[in-house]
Amino acid sequence: MNIQLLLEGQTLWSMPLLLFLSSLIIIYLYFYIQYRTFSSIHFQSFCLAMGVIYLAYGSPLAAISYALISLHMVQMALLYFVSAPLLLMSFPVLNVFKNRNPPKQSISTSIISLFLFALCFFLYHLPSVMHSLMDHTALHTGYILLLFILSLGMWAPFCWAPLATTLKTANLNRFAFWNSVGIMPACFLLIIGAFFSHGHSPIVAHLAAQLPPGSEMSLMLLPPAFDQFLAGLLMIIIHKFSMMKWA
């Protein structure tokens, strides 16, 4: 593969994103110092969440992910299955929630978030939808942010203190089951589709359309079918490890 062709005109390390995430850490550090409810574990979780976000969208991984659907799915898995629970873990139980049952609307919101995330995540992996989103940068960014917000609600029963410390084990186990089931349609779509796919992934096709004619073959790091199969498999593995950690 022609790496220079892929990375031409792209910044390998995003300084604007680094400055933005660093600013968030400084703001968090202020509250960490001011309030006793914040512990070192909360601060470490927040820093790790910011680090994972930067790894996914501010490092060379972001540039190379435009040529491999498997790396693109790893990028999304890091955002939704790693940074989201870490971000929720960084906020302690606030005084207003102590000695109180979690509001029913919070639990309902998590259930709704889970099913909406599963639906939107599945739709994103449809080739026609993915190609259309990548043709419109603002729409694609908005869709990614929507999925991230929904993923926060999806992980809240396990990692957000007001819910995680009060829900019964049976309810958590039931929610964990549906959490795992929710991502399977998108993963199976990639895995099964790999056996019937005769063309290139939407990501490579989108990138090749912006390059000189004949450049598409130079963008193939892996055979398209194997790349797509690997994408679905890696998402399942990363999600499984997160479930083992938090559920």
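Checking LEU222 against (1) modelled with pLDDT of 70 or more; (2) surrounded by 15 or more Cβ atoms within 10 Å (Cβ to Cβ); (3) part of a helix (DSSP H, G or I); (4) not hydroxyl-bearing (Ser, Thr, Tyr), only one condition comes out false. Which one?
(3)
Looking at (1) touching a Leu at 6+ places or on another chain (Cβ under 8 Å); (2) modelled with pLDDT under 85, find the lone condition where PHE158 falls short.
(2)
Would you confirm, using the coordinates I've provided, whether SER106 is at pLDDT 85 or above and either touching a Cys at 6+ places or on another chain (Cβ under 9 Å) or among the hydroxyl-bearing types (Ser, Thr, Tyr) (or both)?
no
Taking LEU163 as meeting all but one of (1) surrounded by 13 or more Cβ atoms within 10 Å (Cβ to Cβ); (2) at pLDDT 80 or above, write down the number of the exception.
All conditions pass for LEU163, except number (2).
Looking only at the stretch 126-151, filter to residues that are more than 24 Å from ILE111 (Cα to Cα), among the aliphatic types (A, V, I, L, M) and under 17 Å from the mean Cα position of the chain (by Cα); which one of those is modelled with the highest pLDDT?
Restricting to residues being more than 24 Å from ILE111 (Cα to Cα), among the aliphatic types (A, V, I, L, M) and under 17 Å from the mean Cα position of the chain (by Cα), the top hit is LEU139.
Looking at this structure, is TYR80 among the hydroxyl-bearing types (Ser, Thr, Tyr), surrounded by 22 or more Cβ atoms within 10 Å (Cβ to Cβ) and at pLDDT 90 or above?
When the stated conditions are applied, TYR80 passes them.
The values are calculated or read from the model by the stated rules, or taken from the named source; none is laboratory data. This one's a predicted model, so the numbers in the text were calculated from it and none came from an experiment. Because the Cβ atoms are built from the backbone with ideal geometry, glycine has one as well, and the counts that use them run over all protein chains shown.
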